[in-house]
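Working notes for the structure below.
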Amino acid sequence: MISPLVKCSPFIKWAGGKRQLLVELDCRLPEFWDTYYEPFVGGGALLVHLENKGLLKKAVISDLNSELINLYRVVQDTPGALITALANEDFQNNEASYKKHKERFNALIGSRNHSLERAALLIFLNKHGFNGLWRVNRKGKFNVPFGSYTKRSIPSDTSILKFSAMLEKVKVENRDFALAVKTAKKGDFIYFDPPYQPLSKTANFTDYNSHGFPFTEQERLARLFRRLTKKGVCIMLSNSKVPEIEELYADFHIESVNAKRFINCNGERRRGIQEIIVTNYAFDKK
């Protein structure tokens, strides 16, 4: 039995993850809510943060990345089997092992079968691929190169079991963001963390899926934000501080915050930049 003093933590890397922004998000949380929704869940940093603060009663999480959602469902349903699968000595921190397992993963990607194997492979590739990126080519195949890390990295048994325990009160879905929040009602809370709008026309961002996340999707999300606001749903959203996004949410409360992004291959460019946090409710900063 795991001690209740052990904190839950995200067990995979995810580009655009919110660990570095948690302090800013935390001080802008609504005072009360019923069900928590996170339709762009990624690595689940805010979800885990709410759990560790004792604020997570029930939740609905979703993502269009079917492999990520398959992983969460395996963690939710069969964490012990996943732990056993990750103990495979064939998972080695070298390029040959990485290439072999990437080829196997790409042979299975998108399948409805081999869910446990796909989940274990995703963790291995995530931990040993370059910068922990998720990137696919036009054929939908995973194409992130080996990361050349000094040590083999596999999540601890405890981290998987704690995450699994948290997911006992979470509904895990693989749906479009609008469908994922369709059941949200007055008194619920949604955190939207969409793929950020590029800071410039030449900026490179990791795709949400093989089709990307164009500005038309940002506009669709903003329209949904307004409809949900009229229903009385509390909403918080984060995105790039760029004029076109600020214009979409001009009717709501927008604050600029300093944050770091860690997805750039050039370490000198992983610098603090400004992002925005949008809310449709009043709050008292703690």
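The values are calculated or read from the model by the stated rules, or taken from the named source; none is laboratory data. Please read these numbers as outputs of a predicted model, since none were measured by experiment. As a convention, Cβ positions derive from the backbone with ideal geometry for all residues, glycine included, and neighbour counts pool all protein chains shown. For the accessible areas, the whole protein counts, side chains as well, though only heavy atoms, and no ligand, DNA or RNA atoms are used. Shrake-Rupley method; radii C 1.70, N 1.55, O 1.52, S 1.80 Å.
How do the peptides 111-122, 221-232, 30-41 rank, highest first, by the average count of neighbouring beta carbon atoms within 10 Å per residue?
Order by mean packing, descending: 30-41, 111-122, 221-232.
How large is ³J(HN,Hα), in whole Hz, for each residue of the range 176-187 in order, when computed from phi with the Karplus curve 6.51 cos²θ - 1.76 cosθ + 1.60 and θ = phi - 60°, using x for Gly and Pro?
With coefficients 6.51, -1.76 and 1.60, one gets 4, 4, 5, 5, 5, 10, 4, 8, 5, 9, 3, x Hz.
How large is the translational diffusion coefficient of the range 74-114 in µm² per second when you combine the Kirkwood radius over alpha carbon pairs with Stokes-Einstein at 25 °C and 0.890 mPa s?
211
Roughly how compact is the range 70-158, stated as its Cα Rg over 2.2 N^0.38 Å to two decimals?
Dividing the Cα Rg of the range 70-158 by 2.2 N^0.38 Å gives 1.03.
How much area per residue is accessible in the range 70-158 when the probe is 1.4 Å and only protein heavy atoms are counted (Å²)?
Result: 53 Å² per residue.
Once each part is reduced to its C-alpha centroid, what is the distance from the range 63-77 to the range 1-54 in angstrom?
Using only Cα atoms, the two centres lie 17 Å from each other.
Using helices alone, I'd like the mean residue ellipticity at 222 nm for the chain: each DSSP H run of four-plus residues gives -39500 (n - 2.57), total over residue count, nearest 500.
Here the helix-only value at 222 nm equals -10000 deg cm²/dmol.
HN-Hα J couplings of the range 242-247 from phi, Karplus 6.51/-1.76/1.60, θ = phi - 60°, integer Hz, Gly and Pro as x?
10, x, 5, 7, 4, 5
Determine the principal axes of the Cα atoms in the range 135-191, then give the extent along each, sorted from largest to smallest and rounded to whole angstroms.
49, 36, 15
Give me the one-decimal Kirkwood hydrodynamic radius in Å for the chain, with the sum taken over alpha-carbon pairs.
19.7
In whole percent, how big is the carbon plus sulfur part of the accessible area of the range 70-158, probe 1.4 Å, protein atoms only?
47
With 5 Å bins from zero, work out the P(r) of the range 13-136 over every alpha carbon pair and list the percent per bin.
2, 9, 18, 21, 18, 14, 9, 6, 2, 1, 0
What does the charge count around Asp34 come to, taking other residues whose C-beta lies under 11 Å from its C-beta (Lys +1, Arg +1, Asp -1, Glu -1)?
Residues near Asp34 contribute +3 overall.
Based on the Cβ-Cβ distance from Ala81 to Lys171, what FRET efficiency comes out when R0 is 25 Å, to the nearest 0.05?
Efficiency computed from Cβ-Cβ geometry: 0.75.
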